[in-house]
């Protein structure tokens with residue numbers, strides 16, 4: 001079972017068909033490149049939904065995981081381990097000195113944040129008793145579990161799973177007045193992506209997050225920043241909320257912070273994190289069996305070390321600015337086929353206009369397919385947006401190679 005056809009045939013026989021997969025089977029990765037079963041090379045400008053933050057098989061991650069695999073994989077969360085402590089310390093040092101809870105995914109991290117918010121609402125009730133309601137934004141993405149898919153507020157995620165859990169409401173993104181209008185006596189928290197990922201790499205106006213922080217302070221609400229897409233340096237800062245000089249009460253991480261291994265993190269400010277303390281409850285308030293396992297934590301700690309040692313935050317800004325400058329130049333000569341270019345660092349969205357004169361595509365998915373046929377991997381979201389999330393270590397020559405293909409495919 002070494003060729004594409006046999007791998008896909010076995011997949012279709014033995015696996016649930018959850019994903020609309022491309023008709024290729026990857027067998028090798030190195031740096032910014034992947035190779036399929038037939039040996040074709042692909043330049044990867046999306047890195048597994050951004051999870052491959054340092055690219056494929058980065059030597060520092062390979063070394064860290066290999067050494068850890070020979071030492072200790074998992075001892076359970078009733079013991080202390082060095083890799084888990086090192087990963088938590090790295091997040092503490094890079095962020096707002098919050099306490100980390102480790103799990104497996106972004107959805108897990110957001111579930112933990114919602115549970116912690118409800119404990120806060122119980123301890124700090126409103127006039128109608130304990131507070132529990134979470135406000136989220138339209139076109140957000142916070143997960144696919146029963147708790148998080150309601151906050152996600154995209155019908156395609158929750159359709160068919162009704163009845164949905166109560167206690168959630170959604171408002172337009174980047175609309176502070178809408179958030180304020182949605183707050184009532186049972187509201188306890190607001191969850192927001194500093195930059196929307198699934199929503200199309202949407203960057204808010206400069207006053208939105210600072211205004212949201214003030215609103216939460218004024219109304220005793222917890223501000224949860226979902227940094228699953230943007231955490232770990234993706235946007236040119238360790239965490240995207242830092243672009244707006246705010247401090248959330250909680251942030252959630254996943255994707256890139258594990259470098260491709262399953263890592264989720266719920267990081268909470270000291271004043272909130274204490275509500276999970278088992279000594280307060282006399283029992284465990286929230287837990288997971290394999291969250292924080294040694295292999296994943298060794299990788300996560302190595303991700304932070306490598307970004308720092310190699311200056312990849314500055315590099316992400318440099319290459320990202322270069323890419324957006326080039327794409328905006330292409331937009332000017334696109335005759336309207338490129339409607340917008342937005343993002344920060346190496347998280348970039350290219351919004352297309354299929355109705356523009358001369359457009360040879362009906363949606364962004366067609367552009368993805370054409371790029372893939374030419375050996376470049378990009379992604380589509382919201383039907384008309386191309387997303388780029390390459391490795392933070394990508395070189396300018398590699399980035400230009402991919403951008404040339406993307407421009408040719410869009411502009412003809």
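Residue 176 falls short of the stated requirement of being under 30 Å from residue 295 (Cα atoms), surrounded by fewer than 22 Cβ atoms within 10 Å (Cβ to Cβ) and at pLDDT 95 or above. Select from the range 183-199 the residues that are assigned to a strand (DSSP E or B), without any contact (Cβ under 8 Å) to a residue 60 or more places away in the chain and under 14 Å from residue 110 (Cβ atoms) and list them in ascending order. Within the range 183-199, 190, 192 meet the criteria. When the range 113-146 is examined, which residues are found to be in contact with a helix residue (DSSP H, G or I) (Cβ under 7 Å, 6 or more places away or on another chain), assigned to a loop (DSSP other than H, G, I, E, B) and either touching a residue at least 40 places away in the same chain (Cβ under 8 Å) or surrounded by fewer than 23 Cβ atoms within 10 Å (Cβ to Cβ) (or both)? The answer is 130, 131, 132, 140, 141, 142, 144, 145. Being within 20 Å of residue 328 (Cβ to Cβ) and assigned to a helix (DSSP H, G or I), is that true of even one residue in the range 371-394? Yes, there is a match, as at least one residue in the range 371-394 is within 20 Å of residue 328 (Cβ to Cβ) and assigned to a helix (DSSP H, G or I). Applying the condition of being in a loop (DSSP other than H, G, I, E, B) and in contact with a helix residue (DSSP H, G or I) (Cβ under 8 Å, 6 or more places away or on another chain) to the range 22-46 and asking which residue is surrounded by the most Cβ atoms within 10 Å (Cβ to Cβ) yields 45. Residues considered: 149, 165. Of these, the only one that is surrounded by 21 or more Cβ atoms within 10 Å (Cβ to Cβ), out of contact with any strand residue (DSSP E or B) (no Cβ under 8 Å at 6 or more places or on another chain) and free of Cβ contacts under 8 Å to residues at least 40 places away in the same chain is 149. Which one is nearest to residue 174 (Cα to Cα), of the residues in the range 200-241 that are touching a residue at least 40 places away in the same chain (Cβ under 8 Å) and not in a loop (DSSP other than H, G, I, E, B)? Among those that are touching a residue at least 40 places away in the same chain (Cβ under 8 Å) and not in a loop (DSSP other than H, G, I, E, B), it is 202. For the range 264-282, state whether one or more residues are in a loop (DSSP other than H, G, I, E, B) and touching a helix residue (DSSP H, G or I) at 6+ places or on another chain (Cβ under 9 Å). Looking through the range 264-282, none of the residues is in a loop (DSSP other than H, G, I, E, B) and touching a helix residue (DSSP H, G or I) at 6+ places or on another chain (Cβ under 9 Å).
The values are calculated or read from the model by the stated rules, or taken from the named source; none is laboratory data. Note that this is a predicted model, so its numbers are computed, not measured. Virtual Cβ from ideal backbone geometry, glycine too; neighbours counted across all protein chains shown.
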